[in-house]
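The values are calculated or read from the model by the stated rules, or taken from the named source; none is laboratory data. Just so we're clear, the structure is a prediction, and the values are computed from it rather than from any experiment. Note that each Cβ is placed from the backbone with ideal geometry, even for glycine, and that neighbours are counted across all protein chains shown. We work out accessible area using only protein heavy atoms, side chains counted, and drop any ligands, DNA or RNA first. Shrake-Rupley method; radii C 1.70, N 1.55, O 1.52, S 1.80 Å.
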Amino acid sequence: MAGNTEPLPPRAKLAVTAGKAAAAVSRAAGRGSGSVIGGRVALKLDPDLLAKLAQNLDVVLVSATNGKTTTTRLIAEALRAAGPVVSNALGANMPAGITAALAGSGDARYGVIEVDEKYLAAVARDVTPKAIALLNLSRDQLDRAAETRMLAERWREGLSGSKAVIVANADDPLVVWAASSSPNVVWVAAGQEWKDDAWSCPACGGVMQRPGDDWFCGECGFRRPTPSWALSGDHVLDPHGSAWPIHLQLPGRANKANATTSAAVAAAFGVPPQTALERMYSVTAVAGRYDVVSFQGREIRLLLAKNPAGWLETFSLIDGPPAPVILSVNARGADGTDTSWLWDVDYSRLAGHPICVIGDRKLDLAVRLEVAGVDFQVCENAAEAVRQCPPGRIEAIANYTAFQDLRRIVGN
Ligand SMILES: [Zn+2]
């Protein structure tokens, strides 16, 4: 399939041109890169454009609640060992953004595409992927637990009969349930720290048993599949039992899990684990996340936490006390306007750290921290919070729009 540079039909060409023009107008009007608007215009003119743009590419789709942007980057780096790659690196992960990214594919052989969880089935239908990586499913700040279950249902329906190789996390019961409708699954033991969304069986609603790292339903027999790839400490175990060292510049266990899944995907495209893992070392920050910036003479590491599972992962990245921590929470559109999710996060994990609280919803956060019994001070803004922090590298954790605010203020 790849390598045939079949020319785009005239209508698709026109749509791409119109999309690029719309993007240019949007850029000139100062509305960011314009790529999503361009994609939207192009899809209006030719609804089949995404399928046409993908037809000359070997595509892998990446979806999850957490870690999809990073994993997309890791897979893209790994596949560059085999040929040119096009990717929606900036994380515009709905159909318009994906269309815009693929319209600039040039001579790419591989398409590595991050997809919003809600659009996975539709995009998979359009682009006929060779592989789909499914990392985890947990509640989002916008969707409470019941909707997570419905999302798994939609994945399951959308993936049944798919010809793609599904590379799926064997440790997440919802992901397993979604993936097991598909005939061709590669299971990866990538771990799961956040378990609150998987105590009831997705197949029958029974109570899930979780002895050690295993899990199964006592009612219907739905259980953890035997993985062929695994994360083991600082190594990836491949299906032949060989252990390959993970060297990442990105921090934390969650990123080692992302690297493991990425190695399994790369293998499906013929890139050996050693090559794939070596290439992943080059990834430092992903869309500003994990970036260490200098501001007011202090070093600040920027960490994004969009939902309860994300906050839990982020806490595990922070070195023990006394590292100072700034927490920032907003509740604008993309964050969800309801901050009740704060009560799903175990903030007592931050006990002992000097904590400064900022953001639109700093008072909601203050109430939560008070109840968790951790010390903190409320600050007016990032500049004041940085001044209040005792010496040491500052860890700044923020939810979605708060993270963007923070980057604007302290970024370069
Ligand atoms: Zn069951």
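Computed from backbone phi, the HN-Hα couplings of the range 99-104 come to 4, 4, 5, 6, 5, x Hz, rounded to whole numbers (Karplus: 6.51 cos²θ - 1.76 cosθ + 1.60, θ = phi - 60°; Gly and Pro given as x). Result for the chain in a Gaussian network model with C-alpha springs under 10 Å: among Gly38, Gly392, Gly97, the largest mean-square fluctuation is at Gly392. Taking each residue as 0.36 nm, the span from Asp107 to Glu6 lengthens on full extension beyond its C-alpha to C-alpha distance by 35.2 nm. Taking the chain as a Gaussian network of alpha-carbon nodes connected by springs under 10 Å, the highest mean-square fluctuation of the residues Ala133, Ala398, Ala179 belongs to Ala398. Surface composition of the chain: carbon plus sulfur atoms hold 51% of the accessible area, using a 1.4 angstrom probe and ignoring ligands, DNA and RNA.
Note on Glu157 and Glu384: the model spin-label points, each 7 Å out from Cα along the C-beta direction, lie 5.0 nm apart.
Helical runs (DSSP H, four residues minimum) scored at -39500 (n - 2.57) apiece and divided by the length of the chain put the mean residue ellipticity at 222 nm at -10500 deg cm²/dmol.
Annotation for Glu219 and Thr284: the two label points, set 7 Å from Cα along the Cα-Cβ direction, are 5.1 nm apart. In this structure, Ser242 and Ala351 have a Cβ-Cβ separation that, at R0 = 41 Å, corresponds to a calculated FRET efficiency of about 0.50. For Val293, the solvent-accessible surface computed with a 1.4 Å probe is close to 10 Å², ligands and nucleic acids excluded. With R₀ set to 35 Å, the beta-carbon distance separating Gln55 from Thr226 gives a calculated FRET efficiency near 0.50. In the full protein context, the chain carries 42 Å² of accessible surface per residue, based on a 1.4 Å probe and ignoring ligands, DNA and RNA.
Between Thr65 and Asn136, Leu137, Ser138, the built amide H atoms are under 5 Å apart, and every one of these is 5 or more places off in sequence or on another chain.
Calculated FRET efficiency, Leu14 and Leu90, Cβ-Cβ r, R0 25 Å, to nearest 0.05?
With a Förster radius of 25 Å, E is 0.50.
Spin-label pair Gln274-Met150: with each label point 7 Å from Cα along the Cα-Cβ axis, the two points sit 5.0 nm from one another.
Estimated at 0.36 nm per residue, the fully extended path between Gln249 and Ala81 surpasses their Cα-Cα distance by 58.6 nm. Where Lys and Arg each count +1 and Asp and Glu each count -1, what net charge lies around Ala108 among other residues with Cβ under 13 Å from its Cβ? Net charge around Ala108: 0.
Take His247: with every protein chain present and a 1.4 Å probe, its accessible area is about 110 Å². Starting from the Cα gyration tensor of the chain, take the square roots of the eigenvalues, sort them a ≥ b ≥ c, and report rounded, prolate or oblate (rounded when a/c is under 1.5, otherwise prolate if a/b is larger than b/c, else oblate). Cα axes put the chain in the oblate bin.
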